Amino acid sequence: MTARDIALIILQLTVLVTGLITVVLSLTWLERKALGRLQRRMGPMVVGPHGLLQPAADALKLLVKEDLVPALADKLLFWLAPMVVFVPSFVVWVTIPLAGEVVVRNMDLGLFFIVAFSVLAIVGMVMAGWGSANKYAILGGLRAAAQLISYEIPIIMAVIAVIMLPQSMNLVTIVDDQRTIPYAVLQPLGLAIFLLAGVAEVGRTPFDIYFAESEVMGGPFIEYSGAHWAVFFLSEYINTFTIAVLVVLLFLGGWSFPLMPESAWLGFLWVVVKAYLVVFVIFWFRGTFPRLRIDQLMSVGWKILIPLSFVNFGLTAFYKFYELPWWALTVSSLAITVAAGYGLYRRWTWPARATAEERLARARAYRRAEVTDAG
Amino acid sequence: MLASFKGLGVTLRAFFKPVVTAQYPKQHLPIAPRFMGFPVLTWDDGVKEPYCTGCMVCIRACPTQCMSAQMKDNPLFKEGKSKRRKIVDDFEINLGRCILCGICVEVCNFDAIEMSHQHELSVVVRNGNRADLQQLLAMGRDYQKEMGWKPKGGEEAAKPEAVTRGETPAKEEAAV
Amino acid sequence: MAINRQLDTLDMMLNMGPQHPATHGVFRMVLWIDGERIVDVEPHIGYLHLGTEKLCEGEQYSQIITLFDRLDYVANFNNELVICAAAEKLMGLEVPERALYIRTILCELNRIASHMLFYGTFALDAGAMTPVLYAFKERERIQSLFEAVSGARMMHNYFRIGGVKQDLPEDFYDRMGRLLDPVKRTIEEADDLVTFNEIFLARTRDVGAIDGKTALGLGLTGPNLRATGVDYDLRKAEPYLLYDRLDFSVPLGDRGDCWDRFWVRIREMEESVRLVEQCLQQMQPGPVMAPIRRISRPPKGEVFAHAENPRGDLGVYLVSSGADRPYRVKIRPPSFCNLMSLKHMMRNAYVADAVLILGSIDIVLGEVDR
Amino acid sequence: MTSLVLFYLAGALALGGAVGVVGTRNVVHAALFLLVSLMGVAGIFLLVFAEFLALVQVLLYGGAIIIVVLFALMLTRLQDFGGSMENRQWPIAALAALGLFFVIAFALARSRGSEETERLGPGVQELGRSLFTQWAIPFEVASVLLLVALIGAIVIARAGGRE
């Protein structure tokens, strides 16, 4: 390893950090604007044209804000937790390619690397929860640990099903294999599982259990302020973007679909555009759904997503082993997705709708009888 | 998951609808003519003096005791320019204490106090919400100009509501 | 099993409130939790104590109306109505018909506004952040209408003993025409967005359930009682204002869980819209104030008046000594009585449910602590 | 040269973490020191080109196991551990540790120390192949063991919940 290599690596990492922070700033603005529009309001409008400078103003405010440490906090854990959360979310980006050559280090075990390191962030959450000496924080930390560990399994299973298609864990190979048909077409079930579990993994609505504002008021982050809180915030948004980029790379064809010329920069742009669209979908979820309860979250993870991910895995193996035509996988996967969705609808909404209609009919009949009595 | 998709549809439709909010400091929503902002004192342009005589009816009717007033002999009455024998000498309303109920306006017999359209409470000094006579009159002049305000009756004109209201308030108060 | 006894854990005391986003004001409850399960709950009230009942003894009747505005500060007209009705009953006053129509319209609109607030905040408690803004959009429309009618968006001081302060503004009918359709649309959207959403149903179905008998025993009223299936609505049971002339139905639940309480309120909004429409059709011009003296002096005596508030049965027990101020005013606040069911509903619920159950009771602290 | 520095770094991390685990009085800190130690071991794996093993170390030990340990610790009360630091069993512990040290030292002395470490590469394919052919039965036995443990855990948790 020469000095030139080291310099190059440092340069690459610097570019990566800058790029990610830019992405985070843009995402905070985008989230507030998107939510604003979904809620028929403007979002930030004051700082800069259409509030474009709001993220910068917020960053400045967070950096100069007083950093409070609770008197009874475990100081060491309290100080370390934000780094422990941030480092993994940043480290995984070392191996994420944004186009054929736009990557710090392309690894053969790239996907495995991402999965392995993203788990470490949970330790940071638990440290923050424990170190804050706050009961809400402990509740949040425990919830975070339970939730993130549970949802690692469907993510890993969905990723394994994807790996089976090109038989490689190298993200560049996986993307190149989707030149004609993106895996979203082959494995709609896999996409659904990965997206849902990914949303759960970054703790966004409807899975924002561990920092649920209305219950534990920020969970592990409740006692944090200023720069430390900003670090949590940063890693949360980086994680969101990571999940979006992974969805794009694993299922939506990355830079190679549809019909992209072999240009690194065009491909890079294409991936970023797609990733922002996926991020918008995640924000859209946030603007629409209520939050699950912790036991229901566990049920969804263990009783729905994990079995489904095994089904997805089995289907893919079957398809691979017998070398079936590609549409066979598409059709079967789609059928199972739709069936699962309909099952949930039958389980929850159907009885409620039926009861509601029955009650309304009763109320209407009651009214009519009364009116005839009066007349 | 059907219902969830319906919900997604609702929010997405909202995404393309116009926003309903206003950018407050830059943009003010229209205020209804009846809006009850801070109580202010009106100015009689004919005589060049306030309508208020400092009779204290409003002060006694106020549920929060946010006002105080003092009465004096009206110099203009001696000169024969005004019909008001007494005139307000000093008047103070603590607007931070006022609950904008409008009772003072109802009990006033001289149309001297009105609920203006001023409603922005922020001040930079602690007692900045205490409005004295001059401030109240200035706010009142703005309100009168804005609304094209005319006295509803006053002591000389017979009030149409007088029948429903029964006795004169001065007597009422005396009976308490 | 012996091993489990050794592993027994201690319950954790979790202090929720008075500064907690989900307690809807300065309410504090101490939760004893075992993991995420609630073992016991202890509500603490009084952070917003105003001393309304005592204040009433020192104020004239016209001033008391402003105090009642501040009881249930989400449904001001309904509160004003009760104190006015109590005094009118004592004085044997006949309120002009138009005033009754105006009161009915405003009370029902206020019910919609109040339930809109419930819809938004309850969804917010459940974790959905958009409904609250949709709900406030309609609530704002209604409040602008109130502003045009009474001059204030919330603390109206508009009802008077014997009528209302002044007649409706000229553009009232235009405004109503523009108001009701969006409200109806928002209620439909509420069904799509929240009521029948799978996640919402999973969160609220069979959570915090209470049966009708217990509910009656605890003194629950309003939508909370009707959600258990008990058909008790003062507007039907003891019609006041003009409710005996109007056609409306009382939506009832059957399980008495959080979802039923939510659903009953959403349906009540629809019924309120119907009521307002009927009133607008039937209303005739006329006087809005009974011919009375400006300072009311109800005769010596005692009277109880109550009405169906958005939150339940608001009662006022008024004792008059014949002076211009009451001798004693006792208020029966629906929120306070509804809050008593908290312990029954929360046993064995999750921490996350605690927030939802408290939200579904729909308390207003101004009324609880009064 | 670089790799030697990295090796010492990883080794220091592993050893320092281990010392921290036994040295600290705070159990949560001890669990986190364990994590540091395990990360050091992962680093050593990485240095001998066993990338897969290193990642497994991070994923399973770093993520899953430490979190389960922390989970258990957070559910208990810290003051219960205050007294458990000093007890009369330390001579037995010292003996056990000494015995283990000699076993490892003996094993190391007998192993072929001087030979070059063979480059293992990522070797996922070879790993998979050998796991499902040569080592199929041990693999299955291990999975059954884990399954039994899982079921046992559920049974214990359920019984506790019902009481």
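The values are calculated or read from the model by the stated rules, or taken from the named source; none is laboratory data. The model shown is predicted, which means the values in this text are computed figures rather than measured ones. Positions of Cβ are backbone-derived with ideal geometry, glycine not excepted, and every protein chain shown enters the neighbour counts. Ligands, DNA and RNA are excluded from the accessible area calculation, which covers all protein heavy atoms including side chains. Shrake-Rupley method; radii C 1.70, N 1.55, O 1.52, S 1.80 Å.
List of remarks:
Per-residue answers, yes or no, for (1) more than 14 Å from chain C (Cβ to nearest Cβ); (2) open to solvent by 30 Å² or more (accessible area, probe 1.4 Å); (3) touching a helix residue (DSSP H, G or I) at 6+ places or on another chain (Cβ under 9 Å):
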site	(1), (2), (3)
A:VAL271	yes, no, yes
A:TRP284	no, yes, yes
A:GLY287	no, no, yes
A:ARG293	no, no, yes
A:SER332	yes, yes, yes
A:TRP348	no, yes, yes
A:ALA361	no, yes, no
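- Only one of B:ILE87, B:ILE31, B:ILE59 that is modelled with pLDDT of 85 or more, open to solvent by 60 Å² or more (accessible area, probe 1.4 Å) and under 21 Å from the mean Cα position of the chain (by Cα): B:ILE31
- Of the residues C:MET116, C:MET91, the single one that is over 30 Å from C:ALA352 (Cα atoms) and away from chain A (no Cβ under 14 Å) is C:MET91.
- Selection from segment B:7-26 of residues that are hydroxyl-bearing (Ser, Thr, Tyr) and more than 39 Å from the chain's Cα centre (by Cα): B:THR11
Table: residues versus (1) over 19 Å from the mean Cα position of the chain (by Cα); (2) within 30 Å of A:GLU357 (Cα to Cα); (3) touching a residue at least 12 places away in the same chain (Cβ under 8 Å).
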| residue | (1), (2), (3) |
| --- | --- |
| C:HIS156 | no, no, yes |
| C:ILE161 | yes, no, yes |
| C:ASP167 | yes, no, yes |
| C:ASP171 | yes, no, yes |
| C:ASP174 | yes, no, no |
| C:ASP181 | yes, yes, no |
| C:GLU189 | yes, yes, yes |
| C:GLU198 | yes, yes, no |
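- Picking from residues in segment C:155-168 that are within 11 Å of chain B (Cβ to nearest Cβ) and not in a loop (DSSP other than H, G, I, E, B), the one that is farthest from C:GLN60 (Cα to Cα) is C:GLY163.
- Among (1) within 9 Å of another protein chain (Cβ to nearest Cβ); (2) in contact with a helix residue (DSSP H, G or I) (Cβ under 9 Å, 6 or more places away or on another chain) - the single one A:ALA137 does not satisfy: (1)
- Matching residues, segment C:217-256, being touching a residue at least 40 places away in the same chain (Cβ under 8 Å) and within 11 Å of another protein chain (Cβ to nearest Cβ): C:LEU246, C:ARG255
- The residue pairs whose first member lies in segment B:142-161 and is in a helix (DSSP H, G or I), whose second member is open to solvent by less than 50 Å² (accessible area, probe 1.4 Å) and at pLDDT below 85, and whose beta carbons are closer than 7 Å, counting only pairs six or more residues apart or on different chains, are B:TYR143/B:TRP149.
- Scanning segment A:39-52 for residues that are free of Cβ contacts under 8 Å to residues at least 12 places away in the same chain and either surrounded by fewer than 16 Cβ atoms within 10 Å (Cβ to Cβ) or more than 14 Å from chain C (Cβ to nearest Cβ) (or both) turns up A:MET45, A:VAL46, A:VAL47, A:GLY48, A:PRO49.
- So B:SER68, is it surrounded by fewer than 18 Cβ atoms within 10 Å (Cβ to Cβ), more than 30 Å from B:HIS119 (Cα to Cα) and in contact (Cβ under 8 Å) with a residue 24 or more places away in the chain: no
- Among the residues of segment D:8-39, those identified as part of a helix (DSSP H, G or I), within 14 Å of chain A (Cβ to nearest Cβ) and in contact (Cβ under 8 Å) with a residue 24 or more places away in the chain are D:VAL27, D:VAL28, D:ALA31, D:LEU32, D:LEU34, D:LEU35, D:SER37, D:LEU38, D:MET39.
- Considering C:ALA152, C:ALA202, C:ALA148, the condition of being free of Cβ contacts under 8 Å to residues at least 12 places away in the same chain, facing another protein chain (nearest Cβ under 7 Å) and over 30 Å from A:TYR342 (Cβ atoms) is satisfied by C:ALA152 alone.
- Test: residue in segment B:53-66 that is in contact with a helix residue (DSSP H, G or I) (Cβ under 9 Å, 6 or more places away or on another chain) and away from every other protein chain (no Cβ under 14 Å): yes
- Scanning segment B:1-28 for residues that are away from chain C (no Cβ under 14 Å), open to solvent by 50 Å² or more (accessible area, probe 1.4 Å) and polar (S, T, N, Q) gives a single hit, B:GLN27.
- The one condition in (1) modelled with pLDDT under 90; (2) more than 17 Å from C:VAL273 (Cβ to Cβ); (3) in a helix (DSSP H, G or I) that C:MET129 fails to fulfil: (3)
- Some residue of segment A:90-106 being small (Gly, Ala, Ser) and out of contact with any helix residue (DSSP H, G or I) (no Cβ under 8 Å at 6 or more places or on another chain): no
Results for (1) without any contact (Cβ under 8 Å) to a residue 12 or more places away in the chain; (2) over 26 Å from A:TYR276 (Cα atoms); (3) over 19 Å from the mean Cα position of the chain (by Cα); (4) surrounded by fewer than 14 Cβ atoms within 10 Å (Cβ to Cβ), shown as yes or no for each residue.
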position: A:LEU8; (1), (2), (3), (4): yes, yes, yes, yes
position: A:THR22; (1), (2), (3), (4): yes, no, no, yes
position: A:ARG37; (1), (2), (3), (4): yes, no, yes, no
position: A:GLN54; (1), (2), (3), (4): no, no, yes, no
position: A:ALA73; (1), (2), (3), (4): no, yes, yes, no
position: A:VAL85; (1), (2), (3), (4): no, no, no, no
position: A:PRO97; (1), (2), (3), (4): no, no, no, no
position: A:ASN106; (1), (2), (3), (4): no, no, yes, no
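- Matching entry among A:LEU266, A:LEU252 (being open to solvent by 10 Å² or more (accessible area, probe 1.4 Å) and over 22 Å from A:GLY110 (Cα atoms)): A:LEU266
Per-residue answers, yes or no, for (1) over 25 Å from A:GLU236 (Cβ atoms); (2) modelled with pLDDT under 85; (3) within 21 Å of the chain's Cα centre (by Cα):
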| site | (1), (2), (3) |
| --- | --- |
| A:LEU109 | yes, yes, no |
| A:SER118 | no, yes, yes |
| A:TYR136 | no, no, no |
| A:THR180 | yes, yes, no |
| A:LEU191 | no, no, yes |
| A:LEU196 | no, no, yes |
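- Segment C:13-35, subset in a strand (DSSP E or B) and surrounded by fewer than 17 Cβ atoms within 10 Å (Cβ to Cβ), residue modelled with the lowest pLDDT: C:ASP34
- Whenever a residue of segment B:1-21 is at pLDDT below 85 and assigned to a helix (DSSP H, G or I), it has no partner that is of a type in the set (A, V, I, L, M, F, W, C) and loosely packed, with under 14 Cβ neighbours inside 10 Å lying with C-beta atoms less than 7 angstrom away and at least six residues away or across chains.
- Only a single item in (1) of a type outside the set (A, V, I, L, M, F, W, C); (2) away from chain B (no Cβ under 14 Å); (3) outside any strand (DSSP E or B) is not met by C:GLN63, and it is number (2).
- Of all positions in segment B:40-49, none carries a residue that is in a loop (DSSP other than H, G, I, E, B), under 16 Å from the mean Cα position of the chain (by Cα) and of a type in the set (A, V, I, L, M).
- Among the candidates C:VAL264, C:VAL316, C:VAL288, the residue that is within 13 Å of another protein chain (Cβ to nearest Cβ), within 24 Å of C:PHE27 (Cβ to Cβ) and surrounded by 21 or more Cβ atoms within 10 Å (Cβ to Cβ) is uniquely C:VAL264.
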